[in-house]
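Novice: Handing you this structure, nothing more for now.
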Amino acid sequence: MRLERCAKTFPDGTKALLPLDLDVRAGETVVFLGPSGCGKTTMLRIIAGLEAPDEPGRVFFGAEDVTAQPIERRNVGMVFQSYALFPNMTVAENIAYGLKVRRLAPAERDARVGEMLAMMHLVELGHRRVDQLSGGQKQRVALARALAVRPRVLLLDEPLTALDAKLREGLRVEIDRLLRSLAITAIYVTHDQAEAMALGDRIAVMEKGRIAQIGTPQEIYYRPQTAFVADFVGTMNRLAGRADGAGVEVPGGRLPWAGPARAHQELLFRPEDVRIVDGQGAHLRGAVVSAFFLGDHTRLIVDTGADHPLVVETAERRTFRQGEALALAVNPEALLALER
């Protein structure tokens, strides 16, 4: 799938999407991640054929230009946050709906429905009306219906947002299993970073109608290219100070920086890239403001005298006291310097 110079300006003059190019490999899952209003759903609707891109934008499925084709001719599968199921139909009838529209022979249609019921663990619910299902079951029916037509591209628009945390995690695992086993090309839209990291072969982080950065989950997390991506994805610590070529003097200590020296240098690093040390080899010193036990780790808020406290994550199995003095070492390889 390929987008060329796709943009969208609405009649009131709102530029929802700035011109963008995107290549999606066959069988790849690309997750569009961003805050509300960044253009990710508009982009999905353009791929589906629910919105037309501004000229001269083009949408290609393989070598075929589908820009002028309506949604019913593009053979896409869509899964929405709201499920969009027919409440007066059974589970099996909902799954069969798209196959009937495509005039599939009854025997083949029944076989395809049976295949989807088994794949989505819905066999025992096939004759139940969808208004008798839980939220997680409804979303599995929506997935089965979208996959039954064997789409060229599967489009998922915030499909798990309406579910509680435990259901979200379970369905996230199921969706990942399905996408990997079927090797289907998929575009997944979300504002949930955990979903993006878990499901995406690549993540496109969107900002104000444009792609701020696209890359693997590891590239996006460990090597953000812009301040927006660094701030939006995960938690990032920032310390500013004076660089002299051998390090950066910052409130609470000195960071080991061997990059370009500037009079005013801001360095960024993740909470998990900070270790609590016994004093030897410490880069920073501070005092505990708050400690939050989260089961597999403790999140510490540490005051080093900077404008903003540091966030530190540790697996140490002990209780941290408010005001406790800490010596901290930062992984030099994890330090980043970004231009704003």
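The values are calculated or read from the model by the stated rules, or taken from the named source; none is laboratory data. Quick caveat, the model's predicted, so the values are computed rather than measured. Ideal geometry is used to build each Cβ from the backbone, glycine not excepted, and the neighbour counts take in all protein chains shown.
Novice: Select from the stretch 224-234 the residues that are touching a helix residue (DSSP H, G or I) at 6+ places or on another chain (Cβ under 8 Å) and within 13 Å of Ala334 (Cβ to Cβ) and list them in ascending order.
Specialist: Scanning the stretch 224-234 gives Pro224, Gly234.
Novice: Another one. Could you pull out the residue among Val91, Val101, Val130, Val76 that is among the hydrophobic types (A, V, I, L, M, F, W, C), assigned by TED's automatic domain parsing to the domain that holds Glu51 and without any contact (Cβ under 8 Å) to a residue 40 or more places away in the chain?
Specialist: Of Val91, Val101, Val130, Val76, the one residue that is among the hydrophobic types (A, V, I, L, M, F, W, C), assigned by TED's automatic domain parsing to the domain that holds Glu51 and without any contact (Cβ under 8 Å) to a residue 40 or more places away in the chain is Val101.
Novice: Follow-up. Show me the strands (runs of 3 or more DSSP E) found entirely inside the stretch 231-340 where at least 3 residues are touching a residue at least 24 places away in the same chain (Cβ under 8 Å) and not assigned by TED's automatic domain parsing to the domain that holds Val205.
Specialist: In the stretch 231-340, the matching strands (runs of 3 or more DSSP E) lie at 237-243, 253-255, 265-269, 274-277, 284-293, 298-303, 310-314, 325-330.
Novice: Related question: Could you list, in sequence order, all residues of the stretch 1-44 that are more than 19 Å from Met78 (Cβ to Cβ), of a type in the set (Val, Ile, Thr) and either part of a strand (DSSP E or B) or in contact (Cβ under 8 Å) with a residue 12 or more places away in the chain (or both)?
Specialist: Listed by number, the list holds a single entry, Thr9.
Novice: If you don't mind, another one. Test Met206 against the stated conditions and say whether it is outside any loop (DSSP other than H, G, I, E, B) and touching a Cys at 6+ places or on another chain (Cβ under 9 Å).
Specialist: yes
Novice: Does any residue of the stretch 181-189 turn out to be modelled with pLDDT of 95 or more, in the same structural domain as Ala7 (by TED's automatic domain parsing) and either assigned to a helix (DSSP H, G or I) or among the acidic types (Asp, Glu) (or both)?
Specialist: no
Novice: May I pose another question? Going through Ala107, Ala118, Ala96, Ala111 one at a time, which residue ends up being among the aliphatic types (A, V, I, L, M), buried (at least 21 other Cβ atoms within 10 Å of the Cβ) and over 13 Å from Ala142 (Cβ atoms)?
Specialist: Of the residues listed, the single one that is among the aliphatic types (A, V, I, L, M), buried (at least 21 other Cβ atoms within 10 Å of the Cβ) and over 13 Å from Ala142 (Cβ atoms) is Ala96.
Novice: Output the residue which, of all residues in the stretch 190-203 that are part of a strand (DSSP E or B) and either on the phi > 0 side of the Ramachandran plot or at pLDDT 95 or above (or both), is surrounded by the most Cβ atoms within 10 Å (Cβ to Cβ).
Specialist: Taking the candidates together, the pick is Ile203.
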